[in-house]
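Read the structure below first, then the notes.
The values are calculated or read from the model by the stated rules, or taken from the named source; none is laboratory data. Source: prediction; values computed, not measured. As a convention, Cβ positions derive from the backbone with ideal geometry for all residues, glycine included, and neighbour counts pool all protein chains shown. Quick note on the areas: whole protein, heavy atoms, side chains included, nothing else; ligands and nucleic acids left out. Shrake-Rupley method; radii C 1.70, N 1.55, O 1.52, S 1.80 Å.
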Amino acid sequence: MSSYRKFAYVYDELMEDMPYPDWLRFARQAWDKHGSMPKSVVELGCGTGSITIPLVNSGFEVTGIDLSADMLSVARRKMESTPQGSRLYREGSIRWVQQDMREWEIPEQVDAVISFCDCFSYLLEERDVTAAFAQTYKGLKPGGIFLFDVHHPNTMIRYDEEQPFVWDDRSVSYIWTCELDAPRCEIEHHLSIFAKEEQSDLYRRFEETHVQRAYDPEWMKTELVKAGFRDVKCYADFEWVEAGDDAQRLFYVAVK
């Protein structure tokens with residue numbers, strides 16, 4: 001849970017191909033399907049704001065919550081550098097909060113909670129997941145919608161089988177290896193990152209370790225129901241199709 005320190009400052013460059021528009025599309029489609037376009041949204045694990053900022057600029061009142069102060073620092077700078085950054089972002093607004101998603105809390109309940117880019121996969125014990133579900137249920141208004149995605153257990157196995165991964169660019173590169181604990185379906189990612197220093201031909205190396213765990217999809221659905229959610233569904237890979245074992249990323253939709 002202590003990752004994303006130095007990594008935060010090269011994160012956007014390394015993740016520029018991530019499907020942020022697909023996550024935004026999925027959220028809007030989910031809200032449309034449930035006939036409840038929200039006004040207030042909490043994003044758990046907002047990171048550098050690549051989903052948060054487009055929501056704000058579309059008029060939503062967003063609270064971006066993340067455990068990493070460094071990620072939030074990058075997000076604030078990104079928001080300030082947008083054309084809307086020095087004024088009220090059209091009709092939207094933003095609040096950045098450093099909190100643990102297992103214990104998150106803001107003064108008022110909200111219309112929707114989202115958590116994308118497998119943030120819930122960083123919760124390594126079942127009690128961590130159920131605590132985050134309970135806090136999210138508490139933080140939603142009646143009828144509010146909770147959307148999040150996680151890795152399918154088979155995705156962890158595939159990472160282990162396909163490693164190592166290498167990225168080589170002029171300004172930043174990495175070597176990424178994995179170690180899988182199969183009985184727990186828990187994977188430890190080891191990243192050696194080489195970032196070019198400004199106005200220099202030198203590269204500085206730093207290390208990051210990220211640990212993620214995948215849970216049985218039926219267990220996740222059961223725990224959402226236990227937390228009080230209704231109309232719990234699980235879909236596959238940004239599409240409105242029931243998730244099966246061939247899914248890589250599981251998308252959960254639950255209503256309070």
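Just to be sure, is Gly47 buried (at least 22 other Cβ atoms within 10 Å of the Cβ), touching a residue at least 24 places away in the same chain (Cβ under 8 Å) and assigned to a loop (DSSP other than H, G, I, E, B)? Yes, satisfied. Give Val253, Val211 a once-over and let me know the one that is surrounded by fewer than 17 Cβ atoms within 10 Å (Cβ to Cβ), under 20 Å from the mean Cα position of the chain (by Cα) and within 21 Å of Ala132 (Cβ to Cβ). Matching residue, one of Val253, Val211: Val211. In this structure, Thr155 does not qualify as open to solvent by 60 Å² or more (accessible area, probe 1.4 Å) and of a type in the set (Ser, Thr, Tyr). Against the condition modelled with pLDDT of 95 or more, in contact with a strand residue (DSSP E or B) (Cβ under 7 Å, 6 or more places away or on another chain) and open to solvent by 10 Å² or more (accessible area, probe 1.4 Å), how does Trp31 come out, does it pass? In short, no.
Taking the condition out of contact with any Leu (no Cβ under 7 Å at 6 or more places or on another chain), open to solvent by less than 30 Å² (accessible area, probe 1.4 Å) and closer than 25 Å to Gln29 by Cβ, does Phe229 pass? So Phe229 fits the description; yes.
A count restricted to segment 105-144 and to residues that are assigned to a loop (DSSP other than H, G, I, E, B), out of contact with any strand residue (DSSP E or B) (no Cβ under 7 Å at 6 or more places or on another chain) and either of a type in the set (Ser, Thr, Tyr) or farther than 22 Å from Met15 by Cα (or both) stands at 4.
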